[in-house]
């Protein structure tokens, strides 16, 4: 299965309230490390070590300091397009968290509406 398709099946299998996803990506061919690294720049993949051709990818669902799902999907699709094979492993998933904002001075209706929208 292609990397982008594998990633999409992982995202589709997550519950609706997931917030953060951490993935490990390992490519099969060590000689294509530099090429893969340049394609993974758009999703801010963090290398574990050069010898292992191994990256950590942080993905955010609706908010947070990580790559968005479309950015990760696009980067993995680029790897698929140039025939760089590899495997993806899920290392952690966080669920049930809600984005916080400064709500001082706002009416309770605004605070409640924000929580309702963000909790979906």
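The values are calculated or read from the model by the stated rules, or taken from the named source; none is laboratory data. Quick caveat: nothing in here was measured; it's all calculated off a predicted structure. So basically every Cβ, Gly included, is an ideal-geometry build from the backbone, and we count neighbours across all protein chains shown.
When residue 76 is tested against (1) at negative phi; (2) surrounded by fewer than 19 Cβ atoms within 10 Å (Cβ to Cβ); (3) outside any strand (DSSP E or B), exactly one condition is not met: (2). Looking only at residues in region 60-70 that are assigned to a loop (DSSP other than H, G, I, E, B), in contact with a helix residue (DSSP H, G or I) (Cβ under 9 Å, 6 or more places away or on another chain) and surrounded by fewer than 17 Cβ atoms within 10 Å (Cβ to Cβ), the one that is modelled with the highest pLDDT is 62. On the given criteria, is residue 99 in contact with a helix residue (DSSP H, G or I) (Cβ under 7 Å, 6 or more places away or on another chain), surrounded by fewer than 17 Cβ atoms within 10 Å (Cβ to Cβ) and modelled with pLDDT under 90? Here the answer is yes, as residue 99 does meet what is asked. Annotation for region 51-59: at least one member residue is at positive phi, over 12 Å from the mean Cα position of the chain (by Cα) and surrounded by 12 or more Cβ atoms within 10 Å (Cβ to Cβ). Summed over region 27-50, residues that are surrounded by fewer than 20 Cβ atoms within 10 Å (Cβ to Cβ), closer than 30 Å to residue 101 by Cα and in contact with a strand residue (DSSP E or B) (Cβ under 9 Å, 6 or more places away or on another chain) total 3. Among residues belonging to region 102-120 that are modelled with pLDDT under 75 and in a loop (DSSP other than H, G, I, E, B), point out the one that is nearest to residue 11 (Cα to Cα). Checking each candidate, the answer is 120. Apart from one condition, residue 7 fits all of (1) closer than 18 Å to residue 89 by Cβ; (2) within 11 Å of the chain's Cα centre (by Cα); (3) exposed (fewer than 15 other Cβ atoms within 10 Å of the Cβ); the exception is (3).
Of the numbered criteria (1) touching a residue at least 24 places away in the same chain (Cβ under 8 Å); (2) surrounded by fewer than 11 Cβ atoms within 10 Å (Cβ to Cβ); (3) out of contact with any strand residue (DSSP E or B) (no Cβ under 6 Å at 6 or more places or on another chain), the one residue 92 fails is (3).
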